[in-house]
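> Below you'll find the structure I mean.
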């Protein structure tokens, strides 16, 4: 295949930035949780439809898929965005803040959608010289296990696809930059439900009862020793209790307490050990308080593993689009979880972080009620994704694959 001039994706992305920002704000105002992203999917269809791009909607319920086929022969690469919001009450004060009480795009998925739509528009405009096919995957329900990736896979999201790229906004990286690493990028994200069972009684006669609340308090403290005393300190692990429910009234000793939490690990061997470690610990503690425990441990998303060759493709695309000094190495994996991992288990994948620092002194993390992004990251991310997809496909052609 002859050499084809690479389009100026950064310049072209800046030209469509206003419509991408408008799309992000539209989605931000009307957040929807997992598998309920009806209006979000409609906004995607309309944005791509205006450019004459044919869309397949209703995938895995609310998912959207698009194939942008170039006029030149080649392989297929996928770009993935997640669509769902969180049950968080927004406190940003933005003029386009959520209009749905108790729901917010507090993790940047509205931005991810705008970025991937932008990359699709950029590549569709170059169909005449695009060497292969780019599939856009807009996935429902990343936030809530088992997530939407498995559902999309069951409907053929990766059929014929040779590699997949994904990204996540990062409020700690400067806008107009990306961060990426080889190997493990994000942790396995498992969940558990724990019931502490005792015997109820009168608050004035604790010796006649087995206080589930006191036992639960001891369990919560003991769980924090998993990392410090039960696991090799060179193997990262996080055990977090996120909810606790129990009790009836101030003068009644509770007979049961229910907790929900998450366990994050990077090492596959340690991940398989965690249910046994937690079960042994909580059983020992609750026995000491004359209570019992029932642990339901659910495996969630596996770790996200980046393909080294694909990482290099993204890294070089970032340098060409943003500049060499705007591509940062990520030293350590995140203990956050991502169901992009399921795609990367099937085919080579690369997941990277898109700088979205707002320039404000206070940095609000993901899932915070005041989380926001600098919208200049949208055209930057779209240009990097488009260039990385282009380079992957052009490289396959040059190798004669």
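> Which number in (1) in a strand (DSSP E or B); (2) in contact with a helix residue (DSSP H, G or I) (Cβ under 9 Å, 6 or more places away or on another chain) marks the one condition that residue 135 misses?
(2)
> Kindly list the number of the only condition in (1) out of contact with any strand residue (DSSP E or B) (no Cβ under 7 Å at 6 or more places or on another chain); (2) within 25 Å of residue 176 (Cα to Cα); (3) surrounded by 24 or more Cβ atoms within 10 Å (Cβ to Cβ) that fails for residue 141.
(2)
> Conditions: (1) over 23 Å from the mean Cα position of the chain (by Cα); (2) in a loop (DSSP other than H, G, I, E, B); (3) over 28 Å from residue 319 (Cβ atoms). Residue 5 meets all but one. Number of the miss?
The one condition residue 5 does not meet is (3).
> Could you please give the count of residues in the stretch 78-130 that are touching a helix residue (DSSP H, G or I) at 6+ places or on another chain (Cβ under 7 Å) and assigned to a strand (DSSP E or B)?
4
> Tally the residues that are farther than 26 Å from residue 334 by Cβ and either without any contact (Cβ under 8 Å) to a residue 12 or more places away in the chain or assigned to a strand (DSSP E or B) (or both), restricting the search to the stretch 222-247.
Going through the stretch 222-247 one residue at a time, the tally reaches 2.
> Within the stretch 32-41, track down each residue that is buried (at least 22 other Cβ atoms within 10 Å of the Cβ) and not in a loop (DSSP other than H, G, I, E, B).
Of everything in the stretch 32-41, those that are buried (at least 22 other Cβ atoms within 10 Å of the Cβ) and not in a loop (DSSP other than H, G, I, E, B) turn out to be 40, 41.
> Additional query: Can you pull out the residues in the stretch 225-243 that are surrounded by fewer than 15 Cβ atoms within 10 Å (Cβ to Cβ) and under 22 Å from the mean Cα position of the chain (by Cα)?
Within the stretch 225-243, 240, 242, 243 qualify.
> Just to check your reading of the model, which residue among 27, 44 is at pLDDT 95 or above, buried (at least 16 other Cβ atoms within 10 Å of the Cβ) and under 14 Å from residue 121 (Cβ atoms)?
Values: 27 fails: under 14 Å from residue 121 (Cβ atoms).
Only one candidate qualifies: 44.
> In the stretch 53-72, what count of residues is obtained for those that are in contact (Cβ under 8 Å) with a residue 12 or more places away in the chain and assigned to a loop (DSSP other than H, G, I, E, B)?
7
> Ok, one more. Would a scan of the stretch 260-271 turn up a residue that is closer than 12 Å to residue 195 by Cβ, assigned to a strand (DSSP E or B) and under 24 Å from the mean Cα position of the chain (by Cα)? Walk me through it before giving the result.
If we filter the stretch 260-271 for residues that are closer than 12 Å to residue 195 by Cβ, which is where we start, we get 260.
Filter once more, so that each one left must be assigned to a strand (DSSP E or B): 260.
Narrowing the set further to residues that are under 24 Å from the mean Cα position of the chain (by Cα) leaves 260.
Within the stretch 260-271, one or more residues are closer than 12 Å to residue 195 by Cβ, assigned to a strand (DSSP E or B) and under 24 Å from the mean Cα position of the chain (by Cα).
> Of the conditions (1) assigned by TED's automatic domain parsing to the domain that holds residue 379; (2) surrounded by fewer than 21 Cβ atoms within 10 Å (Cβ to Cβ); (3) over 30 Å from residue 393 (Cα atoms), residue 173 fails just one. Which one is it?
Result: residue 173 passes all but (3).
> If you don't mind, another one. Only one of 350, 344 is outside any strand (DSSP E or B), under 21 Å from the mean Cα position of the chain (by Cα), assigned by TED's automatic domain parsing to the domain that holds residue 145 and crowded, with 17+ Cβ neighbours inside 10 Å; which? Explain how you work it out, then say what you get.
Working: 350 fails: outside any strand (DSSP E or B).
The match here is 344.
> Here's another thing I want to ask about it. Just checking, does the stretch 70-77 include any residue being closer than 21 Å to residue 19 by Cα and surrounded by fewer than 22 Cβ atoms within 10 Å (Cβ to Cβ)? Explain how you work it out, then say what you get.
First, pick out the residues of the stretch 70-77 that are closer than 21 Å to residue 19 by Cα: none.
No, the conditions are met nowhere in the stretch 70-77.
> May I pose another question? Looking at the stretch 19-31, is at least one residue part of a loop (DSSP other than H, G, I, E, B), under 30 Å from residue 93 (Cβ atoms), within 17 Å of the chain's Cα centre (by Cα) and touching a residue at least 60 places away in the same chain (Cβ under 8 Å)? Write out each step before concluding.
Going through the stretch 19-31, the residues part of a loop (DSSP other than H, G, I, E, B) turn out to be 30-31.
Imposing the further condition that a residue be under 30 Å from residue 93 (Cβ atoms) reduces the set to 30-31.
Those still in the list that are within 17 Å of the chain's Cα centre (by Cα) too: 31.
With touching a residue at least 60 places away in the same chain (Cβ under 8 Å) added as a condition, the list becomes 31.
Yes, the stretch 19-31 contains at least one residue that is part of a loop (DSSP other than H, G, I, E, B), under 30 Å from residue 93 (Cβ atoms), within 17 Å of the chain's Cα centre (by Cα) and touching a residue at least 60 places away in the same chain (Cβ under 8 Å).
The values are calculated or read from the model by the stated rules, or taken from the named source; none is laboratory data. The model shown is predicted, which means the values in this text are computed figures rather than measured ones. Positions of Cβ are generated from backbone atoms using ideal geometry, with glycine treated the same way; all protein chains shown enter the neighbour counts.
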